[in-house]
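Q: I'd like to ask some things about the structure below.
The values are calculated or read from the model by the stated rules, or taken from the named source; none is laboratory data. A quick note: this is a predicted structure, and the numbers were derived from the prediction, not measured. Glycine also receives a Cβ, built like all others from the backbone with ideal geometry; neighbour counts cover every protein chain displayed. For accessibility, only protein heavy atoms count, side chains too; no ligands or nucleic acids. Shrake-Rupley method; radii C 1.70, N 1.55, O 1.52, S 1.80 Å.
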Amino acid sequence: MGGVVSFRDLLSISLSPPIPNSQSPEVALLFPCSVPFPLFLPCPSAPAPDPPWDIALCAAGTVMACENALVLAVLCCTPSLRAPTFMLIGSLALADLLSGVGLVANFVVRCVMDPVSDAVALCLAGLLLSAFSASACSLLAITVDRYLSLYSALTYQAERTLPFTCGLLAALWLTCLGIGALPAMGWHCLDTPDNCSVLSPLTKDQAAGLSVSYLFLFSFILHLYLQICRVAFRHAQQIAVQRHIVNNAGSPMPSAFCLVSSTRKGVSTLSLVLATFAFCWVPLAVYAMVADPTYPQVYTYFLALPAACHSAINPVVYGFRNPEIQRSLSVAYTTYLRSLFSRPRGSTSNV
């Protein structure tokens with residue numbers, strides 16, 4: 001009867017196992033998530049996903065993995081980079097590296113397996129959920145570390161020891177691994193496909209809870225950075241007053257001007273960090289709370305790509321801009337070039 005589907009047909013289809021790439025459009029609208037799909041990516045329905053978006057996500061994952069692998073290599077191979085601050089940067093790099101590996105693995109699995117089995121989908125979802133959660137928590141840890149370093153500069157430097165930082169990171173990663181294990185422990189919608197969210201295999205309530213958590217985390221980071229700016233400006237004013245008193249006979253204005261200029265530069269950097277985080281994550285978090293799986297997949301792809309690219313921006317902001325890491329990279333590059341051009345030429349044999 002044309003495109004009309006009866007209740008009996010729907011009941012027989014719902015009781016039978018899904019057949020890949022054979023769903024009618026009417027059934028696809030009723031069961032949009034009958035095929036499992038990893039977290040943070042669009043839930044497949046009757047239309048096949050747009051290959052350019054899949055390739056873009058895979059390319060983003062490759063860039064993420066390469067950049068963060070370079071940061072980890074520098075941190076591991078440089079003995080001087082063992083301070084607690086660099087441990088936090090290493091945790092962020094490891095989380096973003098796993099995020100990139102998860103995106104590449106998702107692309108490869110989808111190309112090899114058709115359809116993707118439930119176990120593989122849950123494993124990929126757990127990997128991505130753990131990696132992105134660890135990345136967000138590492139960003140929060142770095143923000144708290146910067147705030148305490150500025151707010152309690154005299155006492156925090158003595159209390160922030162390497163064993164304390166390692167214990168904190170161990171607790172952070174155990175928590176994130178526990179969050180990533182939730183899909184395999186039953187927190188998924190594979191048994192009830194009509195309850196899936198755009199972040200399959202999470203249900204709508206679970207996706208909403210995850211989005212609220214990310215928004216709360218962003219709000220807390222924003223609050224800490226505002227406090228950092230307030231404390232930085234207050235310290236700059238106090239130092240300027242002290243220099244004016246000490247150098248009363250001289251001309252203190254250039255020093256004060258340079259100090260205020262440096263503070264404003266730091267505030268601009270913090271503003272860039274916050275704007276990047278908000279642009280990459282907030283739209284996807286809000287969309288996951290209000291969206292329905294029947295919406296066009298291109299919306300989810302369009303919002304998931306910036307969220308994934310945020311893990312490619314982190315090593316630039318927190319790693320490559322650090323003077324110590326820049327110095328280590330320069331030394332490694334110079335050493336490599338010196339060894340490359342100083343190799344002895346092959347001796348020619350006498351005839």
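Q: If R0 is 45 Å, what FRET efficiency do you get for residue 239 and residue 66 from their C-beta distance, rounded to 0.05? Don't jump to the answer; show the numbers that get you there.
A: Details: r = 41 Å, r/R0 = 0.92.
Calculated value: 0.65.
Q: Using alpha carbon coordinates only, what is the Rg to Rh ratio of segment 270-316, with Rh defined as the Kirkwood radius?
A: Working: Rg = 11.8 Å, Rh = 11.3 Å.
Rg divided by Rh gives 1.04.
Q: Taking only protein heavy atoms into account and a 1.4 Å probe, give the accessible area per residue of segment 283-324 in Å².
A: Details: 1750 Å² over 42 residues.
For segment 283-324, the solvent-accessible area averages 42 Å² per residue.
Q: Further, regarding this structure: Local charge sum around residue 330 (other residues, Cβ-Cβ under 14 Å, Lys/Arg +1, Asp/Glu -1)? Working shown, then result.
A: On the way: positive: 321, 327, 338; negative: 324.
Surrounding charge for residue 330 is +2.
Q: What number results when the radius of gyration of segment 136-208, computed over Cα atoms, is divided by 2.2 N^0.38 Å? If you can, show how the numbers build up before the last one.
A: Values: Rg = 18.3 Å, N = 73, 2.2 N^0.38 = 11.2 Å.
So the Cα radius of gyration is 1.63 times the expected 2.2 N^0.38 Å.
Q: Once you have the Cα-Cα distance between residue 184 and residue 226, take 0.36 nm times their residue separation minus that, and quote the gain in nm to one decimal. Provide the component values of the computation, followed by the final result.
A: Numbers: separation 42, 0.36 × 42 = 15.12 nm, distance 3.86 nm.
Length gained between residue 184 and residue 226: 11.3 nm.
Q: From the backbone phi of segment 192-208, what are the Karplus-calculated ³J(HN,Hα) couplings (6.51 cos²θ - 1.76 cosθ + 1.60, θ = phi - 60°) in whole Hz, Gly and Pro given as x?
A: 10, x, 6, 9, 6, 9, 6, 9, 5, x, 7, 6, 5, 5, 5, 5, 5
Q: Continuing with this model, one more query. Quick one: Karplus J couplings for segment 77-94, per residue in order, coefficients 6.51, -1.76, 1.60, θ = phi - 60°, nearest Hz, x for Gly and Pro?
A: Residue by residue, segment 77-94 yields 8, 10, x, 6, 9, 10, 6, x, 4, 6, 5, 5, 5, x, 5, 5, 5, 5 Hz.
Q: Taking the Cβ-Cβ separation of residue 151 and residue 192 as r and a Förster radius of 35 Å, what is the calculated FRET efficiency to the nearest 0.05?
A: Numbers: r = 48 Å, r/R0 = 1.36.
It comes to 0.15.
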